[in-house]
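I have placed the structure first, in the form of structure tokens, so that the comments after it can refer back to it.
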Amino acid sequence: MSQFEIQLDDLESSPVELDFAPETEQLEELFEAFADEFVVDSEAPFHVDLYVMLDGTSIVVSGRASGTFHYKCGRCLQDRETEVDASVNVTMLTADEYRETYGGEEEISLDEEDLETTWYEGQSVDLGPQVRDAMLMELPAWPQCPDELRDSCDAAYEEHVGDETLDRLEEHEVDLRWWPLKDIDLEEEEEN
């Protein structure tokens, strides 16, 4: 049984507090799909502290998770790390309640509370995906060096792209991210 797993029977008598450091294998499995962008640091402390209670048939989860992730800066391509401290707040409805509330064909207006709602089935609930999602929401969409490393990031970026390319970009105001598109031969594409 996973450290993130909780049994509904345990919640029926009183709320449960989960306070633990996940095992390395569980962390690697939990964040495996995102390992191309962010890798959890298995050597640094990773901590989960959750308060889980039953409200009717809904499971209410609140707490925090913290850990360290490694990533490659999208600008200078240097290896960096960031510490993440995420708030975990989610309400889990039974699958039937969830379908009844959100599964209709008519449009519904969602508020912030609805965005923190998911569903569960069975007598055992894995809270790992909720912890993972909360951590991922705190990671940057475009990973860059922290502000205190901005000068070294700029220097590595300039070294990586070269002076000639930088001059050409400034002269023509070209965004480097579009650079690979310059090689597309549109006439050849139109003929096909």
Self-check item: Ranking of Lys72, Lys182 by count of other Cβ atoms within 10 Å, fewest first
Solution: Lys182, Lys72
Quiz item: In whole Hz, what ³J(HN,Hα) sequence does region 27-35 give by Karplus (6.51, -1.76, 1.60; θ = phi - 60°), x for Gly and Pro?
Solution: 5, 4, 5, 5, 9, 4, 5, 10, 5
Quiz item: Got a sec to turn the phi values of region 81-88 into Karplus ³J(HN,Hα) couplings, 6.51 cos²θ - 1.76 cosθ + 1.60 with θ = phi - 60°, whole Hz, x for Gly and Pro?
Solution: 9, 9, 8, 10, 10, 10, 8, 10
Quiz item: What spacing in nm lies between the two simple spin-label points modelled at Ala21 and Asp41, each 7 Å away from Cα in the Cβ direction?
Solution: 1.4
Quiz item: What FRET efficiency comes out for the pair Glu5/Glu107, r = Cβ-Cβ distance, R0 = 35 Å, nearest 0.05?
Solution: 0.50
Exercise. Return the FRET efficiency for the residue pair Arg64, Leu139: r is the Cβ-Cβ distance, R0 is 22 Å, and the value is rounded to the nearest 0.05.
Key: 0.90
Quiz item: Among Arg99, Arg64, which comes first, then next, by fewest other beta-carbon atoms within 10 Å?
Solution: Arg99, Arg64
Quiz prompt | Global form of region 1-131, assessed from the alpha-carbon gyration tensor, a/c cut-off 1.5 | solution = oblate
Quiz prompt | Exposure proxy order (Cβ contacts within 10 Å, fewest to most) of Thr101, Thr82 | solution = Thr101, Thr82
Self-check item: Simple label model, 7 Å out from Cα along Cβ direction - Arg99 to Arg150, nm
Solution: 5.3
Quiz item: In sequence order, what are the phi-derived ³J(HN,Hα) couplings for region 146-158 according to the Karplus relation 6.51 cos²θ - 1.76 cosθ + 1.60 with θ = phi - 60°, rounded to whole Hz, with x for glycine and proline?
Solution: x, 3, 5, 10, 4, 5, 5, 5, 4, 5, 5, 4, 4
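Any read-out appearing in this document is the output of simple, stated calculations on the displayed coordinates, not a laboratory observation. Computed from a predicted model, the values in this text were never measured in an experiment. Virtual Cβ from ideal backbone geometry, glycine too; neighbours counted across all protein chains shown.
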